[in-house]
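S.K.: Following this message is one structure expressed as structure tokens.
The values are calculated or read from the model by the stated rules, or taken from the named source; none is laboratory data. The structure displayed is predicted, hence computed values, not measured ones. In this analysis, Cβ positions are derived from the backbone assuming ideal geometry, glycine residues included, and neighbour counts consider all displayed protein chains. Areas reflect the complete protein model, heavy atoms only, side chains present, ligands, DNA and RNA absent. Shrake-Rupley method; radii C 1.70, N 1.55, O 1.52, S 1.80 Å.
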Amino acid sequence: MGKLFTVYLSGSRIYSCNNCRSHLANHDEVISKSFQGRHGRAYLFRNVVNVCLGPREERVLITGLHTVADIYCNCCQQVLGWKYEEAFEESQKYKEGKYIVEKAKMLKEQGWT
């Protein structure tokens, strides 16, 4: 495996890993704050940075069967949530390619107003 480079996001509203403070996403990437993760509330993001994917697996979630891959922080390897790879229900297709990050696994960086 090659060297991993950390992406540093600009802006005043950045979410970061609660364990190592590696940047994860800009607030503008939030689609919804109304999701449920394994350990409580979670946010749905269009895009995240500084994560790596685990293996794909089929998982039955609240909204039905999905193919997902857990996402891990590149810096500390903490499981942060998952990426929706495929949704089998037509009404859930909008989630494909999007990311769930559990609220308990992220921090708001300084600068939020």
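S.K.: Which three semi-axes in whole Å describe the equivalent ellipsoid of the chain, each the square root of 5 times a Cα gyration tensor eigenvalue, listed largest first? Write out the running numbers ahead of the final one.
M.R.: Numbers: eigenvalues 108, 54, 29 Å².
Calculated on Cα positions only, the semi-axes equal 23, 16, 12 Å.
S.K.: Among the GluC sites (Glu not before Pro) in region 1-101, which ones are in a DSSP loop with at most 15 other Cβ atoms within 10 Å of the Cβ? Mind listing them? Display every interim value, and only then the final one.
M.R.: Values: sites: E29, E57, E58, E85, E86, E89, E90, E96; in loops: E89, E96.
When the GluC sites (Glu not before Pro) of region 1-101 are filtered for loop state and at most 15 Cβ neighbours within 10 Å, E89, E96 remain.
S.K.: Only Lys, Arg, Asp and Glu count, each charged at its Cβ (+1, +1, -1, -1), so figure out the dipole size of the chain about its Cα centre, rounded to 20 debye.
M.R.: Details: 16 positive and 12 negative charges, 86 e Å.
Computed charge dipole of the chain: roughly 420 debye.
S.K.: Keeping all protein chains in place, calculate the accessible area per residue for the chain (probe 1.4 angstrom), answer in Å².
M.R.: Numbers: 6450 Å² over 113 residues.
Accessible area per residue, the chain: 57 Å².
S.K.: Another question about this same structure. What do you reckon, how do V68, V30, V7 stack up by accessible area (1.4 Å probe), largest on top?
M.R.: On the way: V68 0, V30 25, V7 65 Å².
The ranking, largest first, comes out as V7, V30, V68.
S.K.: Leaving out ligands, DNA and RNA, and with a 1.4 Å probe, what % of the accessible surface on region 31-94 is carbon or sulfur? Could the numbers behind the result be given before it?
M.R.: Values: 1660 of 3420 Å².
C and S fraction of accessible area: 49 percent.
S.K.: OK, next. What are the lysines whose alpha-carbon lies under 16 Å from the alpha-carbon of K83, with same-chain residues fewer than 8 places away excluded?
M.R.: Of all the lysines, those that pass the test against K83 - Cα under 16 Å, at least 8 places apart if same chain - are K33, K93, K95, K98, K103, K105.
S.K.: Of the options A87, Y15, Y72, report the single residue whose Cα projects farthest towards the positive end of the charge dipole of the chain (beta-carbon charges: Lys, Arg +1; Asp, Glu -1).
M.R.: The one lying farthest along the dipole's positive direction is Y15.
S.K.: Another question, if that's okay. Hey, can you grab everything whose amide H is under 5 Å from the amide H of F35? Only 5+ residues off in sequence or another chain; H modelled, so Pro and N-termini drop out.
M.R.: A42, L44
S.K.: Which of these, I71, I62, I100, has the largest mean-square fluctuation under a Gaussian network model of the chain (Cα springs below 10 Å)?
M.R.: Result for the chain, Cα springs under 10 Å: I62 fluctuates most.
S.K.: Karplus couplings for region 10-23 from phi (6.51 cos²θ - 1.76 cosθ + 1.60, θ = phi - 60°), rounded to Hz, Gly and Pro as x?
M.R.: Along region 10-23, the couplings run 9, x, 9, 10, 10, 9, 9, 5, 6, 8, 10, 6, 5, 4 Hz.
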